[in-house]
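Okay, so here's the structure we're looking at.
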Amino acid sequence: SQQGEEDPQALSIQEGENATMNCSYKTSINNLQWYRQNSGRGLVHLILIRSNEREKHSGRLRVTLDTSKKSSSLLITASRAADTASYFCATGHTGTASKLTFGTGTRLQVTL
Amino acid sequence: DARVTQTPRHKVTEMGQEVTMRCQPILGHNTVFWYRQTMMQGLELLAYFRNRAPLDDSGMPKDRFSAEMPDATLATLKIQPSEPRDSAVYFCASGLVDLISNQPQHFGDGTRLSIL
């Protein structure tokens with residue numbers, strides 16, 4: 001079964017607005033990663049946050065991790081039409097030798 | 001930028017035929033993953049290799065699927081015989097992994113497989 005569950009499943013916003021996506025997982029992790037997938041393309045890595053970190057930034061992206069709640073959020077600030085894509089969280093676990101378990105994804109639509 | 005290359009990008013074939021999908025991982029990466037993506041099941045890990053040795057293929061139907069790495073520049077995923085339920089997008093990803101921490105995976109653009 002999927003380890004991560006993203007919420008919401010779909011999100012539609014206007015350009016310039018912020019987009020927030022959430023990910024919940026079930027078992028302990030040693031890192032959590034966010035990926036983007038454009039239509040018809042492969043997944044592209046966005047950001048990795050380790051279990052001992054609480055927040056990370058990369059450009060317009062901000063990721064938070066709350067291990068006590070087993071949840072993470074991805075915030076995209078000042079969204080652009082080019083941010084339209086599906087976003088997935090993926091969890092890595094100690095002892096699984098780099099294996100990731102992907103969530104169900106959030107489809108983000110950014111309109112002009 | 002270095003990329004993972006998958007061939008073919010699209011494949012349409014009839015039920016019962018053998019299908020071979022190929023992947024060229026990024027040079028220097030030591031781990032290769034095969035995933036299958038469908039609307040119903042999402043992204044599922046089928047198998048993965050470290051330094052060309054299979055580490056885990058528990059996600060793969062053993063009776064009809066096989067995955068190999070003949071050399072460091074080529075990974076293959078075969079389905080024989082193929083069935084309509086195998087229709088999906090198959091992704092290959094590679095990464096440079098050490099024993100301490102997870103690292104990002106780099107994905108190819110997938111093979112879109114349709115079994116009639």
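The values are calculated or read from the model by the stated rules, or taken from the named source; none is laboratory data. This one's a predicted model, so the numbers in the text were calculated from it and none came from an experiment. A quick note on method: Cβ atoms are made from the backbone with ideal geometry, for glycine too, and the neighbour counts reach across all protein chains shown.
Summary of values
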item	result
Evaluation of A:Ala81 against (1) surrounded by 13 or more Cβ atoms within 10 Å (Cβ to Cβ); (2) out of contact with any Lys or Arg (no Cβ under 6 Å at 6 or more places or on another chain); (3) closer than 27 Å to B:Thr38 by Cα (one fails), failing number	(1)
Test for A:Val110: is it within 14 Å of chain B (Cβ to nearest Cβ) and part of a strand (DSSP E or B)	no
Segment B:32-45, residues that are at negative phi, facing chain A (nearest Cβ under 8 Å) and surrounded by fewer than 21 Cβ atoms within 10 Å (Cβ to Cβ)	B:Leu45
Matching residues, segment B:1-56, being aromatic (Phe, Trp, Tyr) and either over 20 Å from B:Asp71 (Cβ atoms) or touching a residue at least 24 places away in the same chain (Cβ under 8 Å) (or both)	B:Phe33, B:Trp34, B:Tyr35, B:Phe49
Per-region count, segment A:69-104, residues farther than 23 Å from A:Ala10 by Cβ, in contact (Cβ under 8 Å) with a residue 60 or more places away in the chain and assigned to a loop (DSSP other than H, G, I, E, B)	2
Residue in segment A:46-64 that is within 14 Å of chain B (Cβ to nearest Cβ), buried (at least 18 other Cβ atoms within 10 Å of the Cβ), modelled with pLDDT of 95 or more and more than 21 Å from B:Phe107 (Cα to Cα) present	yes
Residue in segment B:71-79 that is in contact (Cβ under 8 Å) with a residue 24 or more places away in the chain, within 14 Å of another protein chain (Cβ to nearest Cβ) and surrounded by fewer than 17 Cβ atoms within 10 Å (Cβ to Cβ) present	no
